[in-house]
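Written below as structure tokens is the structure these notes are about.
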Amino acid sequence: DQQVKQNSPSLSVQEGRISILNCDYTNSMFDYFLWYKKYPAEGPTFLISISSIKDKNEDGRFTVFLNKSAKHLSLHIVPSQPGDSAVYFCAAKDSGNTGKLIFGQGTTLQVKP
Amino acid sequence: NAGVTQTPKFRILKIGQSMTLQCTQDMNHNYMYWYRQDPGMGLKLIYYSVGAGITDKGEVPNGYNVSRSTTEDFPLRLELAAPSQTSVYFCASSYIDEQFFGPGTRLTVL
């Protein structure tokens, strides 16, 4: 049973437009959510996070929204740039003290010039 | 500050062979993790450690073993390699929430 789902395997947007990546989760015990970005042949790198007590967190061009009642979060990238083309993973951390993350399957974003 | 380093970058094994994937972090993080990523899939947790001397199984531990004798090192051992273990392996470490990942080891078992 997949606790974190990214239902869109890929997304293509034009440079300068908004990219919206979505993520759904099933476990209401998750208390922290993260987005990672991954380029080919590299490890994932942390992008932005949000605590379950907030509904929005913004960092430059990146904003993450959390809707707890819908168990849904989204990553907005505005404006999108060709360098943003990568695989984006959503991850959730449960409330235990192990630090374990549960990852979604990833969404491949292509930003066209 | 190198962060998380992994060796080797690539390896081809024959069925039944064994090997150790090395992982070292220089950030003094207590928490360390091993993941595997199969094509088109997310990262699956193999083993994790909350501190030196403490390890526990993740979601997909079968066929693997780990040890954590120091804060810095968290090697992953594959015994009797099988084709199903063909994957990209990532090591990560964290202080509290955000995990920092190594560059990965691409392993092929033929």
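A DSSP coil position with no more than 14 other Cβ atoms inside 10 Å describes the following chymotrypsin sites (Phe, Trp or Tyr not before Pro) in region B:49-110: B:95. Shape analysis of region A:1-57 based on the Cα gyration tensor places the equivalent ellipsoid semi-axes at 22, 15, 14 Å, largest first. What cysteines in the protein assembly as shown have no other cysteine with a beta carbon less than 4.7 Å from their beta carbon? Among the cysteines of the protein assembly as shown, none has its Cβ 4.7 Å or more from every other. With protein chains left intact and a 1.4 Å probe, residues in the protein assembly as shown average 48 Å² of accessible area per residue. Taking Cα centre as origin and charging only the Cβ of basic (Lys, Arg, +1) and acidic (Asp, Glu, -1) residues, the dipole magnitude of region B:28-98 rounds to 180 debye. Pairs exceeding 27 Å between alpha-carbon atoms, taken from A:100/B:14; A:71/B:44; A:100/B:9; A:38/B:14: A:100/B:14; A:38/B:14. Put simply, chains B and A cover up around 1500 Å² of each other's accessible surface, both sides summed, when a 1.4 Å probe is used. Taking every alpha-carbon pair under 8 Å whose residues sit at least 6 apart, chain B reaches a relative contact order of 36 percent. When a 1.4 Å probe is rolled over the protein heavy atoms, the share of accessible surface on region B:2-110 that falls to carbon and sulfur comes to 54 percent. Each part gets one Cα centre, and for region A:47-113 versus region B:35-102 those centres are 23 Å apart.
Scaling the Cα radius of gyration of the protein assembly as shown by the globular reference 2.2 N^0.38 Å produces a ratio of 1.02. Straight-line cross-link reach from residue A:68 at under 17 Å between alpha-carbon atoms covers these lysines, not counting any fewer than eight positions away in the same chain: A:5, A:54, A:56, A:93.
The values are calculated or read from the model by the stated rules, or taken from the named source; none is laboratory data. Small disclaimer: the values here were computed from a predicted structure and weren't measured. Cβ atoms come from the backbone with ideal geometry, glycine included; neighbour counts cover every protein chain shown. Just so you know, the surface numbers come from the protein's heavy atoms only, side chains and all, with ligands and any DNA or RNA stripped out. Shrake-Rupley method; radii C 1.70, N 1.55, O 1.52, S 1.80 Å.
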